[in-house]
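Chemist: Let me give you the structure first, and then I'll get to my questions.
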Amino acid sequence: MPELPEVEITARRLDEALRGVVVSSVMVPGLNALRTFDPPVSAVEGKAIASIGRRGKLFLLRFEDGPTAIIHLMSAGRLQLFDKRAGPRDRTSRVLLRLEGEGDRELRLREFGTRQQAWMRLVAAGAEDDDEVVAGLGPEAWPDPPELGALLAPQKARPLHAVLRDQHVIAGIGRSWVDEILWTARLSPFKRAGDLDEDEAAALREAVVGRLGGALEHYEEVVRLPIPDKLPLPLLVHRHEGEPCPRCGTTLEAVHYESYVLAYCPQEQTGGRVLKDRRLSRLLK
Ligand SMILES: [Zn+2]
């Protein structure tokens, strides 16, 4: 599930490799992935890549004298650079940008699993900020988010775990990093966003910047092209329920939702309370 650090390292690696490289042709095996009519996808053929950057969890692939491709990986997408073209039976292929130059290099928007959610859309150069998804994003979670007490206060009774993942409020954090951030700040996932005092808001901001930045430093050491299918997320709490808390040794607990799991340390985050498992309580109704 690519979040800000995973998208950022991917954008950095692809940008280093592909600036100035011309797209020779575009293939779209996953028609549902293409959310663009004007300009048409053929508008990037013959254009050189000017830069590959990021806004929130979105890629912004800018072309010289051409449009910008906005790409969202959703939960199971990847943007990867390969030396060879994808085979016609590769079921992960969604959008393939074939590149000029040596060999058969290809930039692939791929997606694992059966659901087709990842998407790409072209917008006119300079019009990225007018795109409905980009325009709806909150401030960047990294490297320099605003003061979080004021940012989150209008969210009032919504739990931190939901608010921090709301891209309209703050952009870049998802299900993995929210667990890490709240654990680092020693805050309950269910604390109300409007109830943060000054010290808690400061600790939360420090955790956001520190954990996302720390992940990026880790990726700078270990992530190379073509960008692995599974990035080595340096997670301490998320997906570690049942194991000892790395800080205090208490067994990490989890709340299971339909499509994800929230992990936390009951000793340090919820005053010793083990939260109700939503999955069980639903079954018992
Ligand atoms: Zn702990």
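Chemist: GluC sites (Glu not before Pro), restricted to the stretch 52-159: which are DSSP loop and have at most 12 other Cβ atoms within 10 Å?
Modeler: GLU100, GLU102, GLU147
Chemist: Residues with beta-carbon under 12 Å from that of ALA207, excluding ALA207: net charge, scoring Lys, Arg +1 and Asp, Glu -1? Display every interim value, and only then the final one.
Modeler: Working: positive: ARG186, ARG205, ARG211; negative: ASP179, GLU180, GLU200, GLU206.
Spelling it out: positives minus negatives among the neighbours equals -1.
Chemist: Relative contact order of the stretch 154-251: what whole-number percent is it, with Cα pairs under 8 angstrom and at least 6 residues apart?
Modeler: This gives 27 percent for the stretch 154-251.
Chemist: Still on this structure, I have one more. What residue among ALA127, ALA86, ALA48 shows peak mean-square fluctuation when the chain is described by a Gaussian network model with Cα springs under 10 Å?
Modeler: Top of the fluctuation ranking is ALA127.
Chemist: Right, here's the next one. Do you know the relative contact order of the stretch 88-193, to the nearest whole percent, from alpha carbon pairs under 8 angstrom that are 6+ apart?
Modeler: 20 percent
Chemist: Can you tell me the orientation of helix 4-18 relative to the chain, as the angle in degrees between its alpha-carbon axis and the longest Cα principal axis, to the nearest 10?
Modeler: 20 degrees
Chemist: Sticking with this structure for a sec: Counting Lys and Arg as +1 and Asp and Glu as -1, what is the net charge of the other residues whose Cβ lies under 11 Å from the Cβ of GLY46?
Modeler: Once all neighbours under 11 Å are counted, the net charge is -3.
Chemist: Filter the trypsin sites (Lys or Arg not before Pro) in the stretch 93-128 down to the DSSP loop ones having no more than 16 other Cβ atoms within 10 Å, then list what survives.
Modeler: ARG115
Chemist: Want the number for ARG192 to THR114: 0.36 nm per residue separation, take away the alpha-carbon distance, what's left?
Modeler: Numbers: separation 78, 0.36 × 78 = 28.08 nm, distance 3.57 nm.
Stretched out fully, the ARG192 to THR114 stretch lengthens by 24.5 nm.
Chemist: Viscosity 0.890 mPa s, temperature 25 °C: give me the Stokes-Einstein translational D for the stretch 111-186 in µm²/s, with Rh taken as the Kirkwood radius over C-alpha pairs.
Modeler: Result for D is 170 µm²/s.
Chemist: Any idea what the relative contact order of the chain is, in percent, if you count C-alpha pairs under 8 Å spaced at least 6 apart?
Modeler: Worked out over the chain, it gives 16 percent.
Chemist: Then there is this: With θ set to phi - 60°, apply the Karplus curve 6.51 cos²θ - 1.76 cosθ + 1.60 along the stretch 263-275 and write out the HN-Hα couplings as whole Hz, x wherever there is a Gly or Pro.
Modeler: Rounded to whole hertz, the list is 10, 7, 9, x, 4, 9, 10, 10, x, x, 7, 9, 6.
Chemist: How about the stretch 147-187: which trypsin sites (Lys or Arg not before Pro) there are in a DSSP loop, with at most 12 other Cβ atoms within 10 Å of their Cβ?
Modeler: LYS156
Chemist: Sticking with this structure for a sec: For helix 175-184, report the angle its Cα long axis makes with the longest principal axis of the Cα atoms of the chain; keep it between 0 and 90° and round to the nearest 10°.
Modeler: So the inclination is approximately 40 degrees.
Chemist: Using a Gaussian network model of the chain with C-alpha springs under 10 Å, which one of THR92, THR114, THR250 is most mobile by mean-square fluctuation?
Modeler: THR114
Chemist: Round to a whole number: what % of the accessible area of the stretch 155-285 belongs to carbon and sulfur, probe 1.4 Å?
Modeler: Looking at the stretch 155-285 in its full context, I get 49 percent from C and S.
Chemist: What translational D, rounded to a whole number of µm²/s, comes out for the stretch 81-135 from Stokes-Einstein when the hydrodynamic radius is the Kirkwood one over Cα pairs, at 37 °C and 0.692 mPa s?
Modeler: Translational diffusion coefficient: 247 µm²/s.
Chemist: If you find the alpha carbon centre of the stretch 172-231 and of the stretch 94-154, how far apart are they in angstrom?
Modeler: 19 Å
Chemist: With every protein chain kept in place and ligands, DNA and RNA left out, what is the accessible area per residue of the stretch 113-266? Probe 1.4 Å, answer in Å².
Modeler: Values: 7120 Å² over 154 residues.
On a per-residue basis, 46 Å².
Chemist: So for the chain, Kirkwood radius off the Cα pairs, Stokes-Einstein at 4 °C and 1.567 mPa s: how many µm² s⁻¹? Mind showing how you got there, number by number?
Modeler: On the way: Rh = 20.2 Å.
Taking Rh from Cα pairs, D becomes 64 µm²/s.
Chemist: Counting only Cα, what are the radius of gyration and maximum Cα-Cα distance Dmax of the stretch 26-179, in Å?
Modeler: 17.2, 56
Chemist: For the stretch 195-249, what log10 I(q)/I(0) values come out of the Debye formula at q = 0.15, 0.20, 0.28 1/Å, with one point per alpha carbon and no solvent?
Modeler: -0.64, -0.92, -1.08
Chemist: Based on alpha-carbon positions alone, could you give the equivalent ellipsoid semi-axes of the stretch 104-144 from the gyration tensor, as √(5λ), descending, whole Å? Could you put the intermediate results ahead of the total?
Modeler: Numbers: eigenvalues 120, 52, 37 Å².
That gives 24, 16, 14 Å for the three semi-axes.
Chemist: According to the square roots a ≥ b ≥ c of the eigenvalues of the Cα gyration tensor, what is the shape class of the stretch 128-262, taking rounded for a/c under 1.5, prolate for a/b larger than b/c otherwise, and oblate for the remainder?
Modeler: oblate
Chemist: Roughly how tilted is helix 198-222, in degrees to the nearest 10 and between 0 and 90, from the longest Cα axis of the chain?
Modeler: The angle comes out near 40 degrees.
The values are calculated or read from the model by the stated rules, or taken from the named source; none is laboratory data. Everything numeric here is computed off the predicted structure, so don't read it as measured data. Quick reminder, even Gly has a Cβ in these numbers, built from the backbone with ideal geometry, and neighbours come from all protein chains shown. The accessibility values were calculated without ligands, DNA or RNA, using every heavy atom of the protein model including side chains. Shrake-Rupley method; radii C 1.70, N 1.55, O 1.52, S 1.80 Å.
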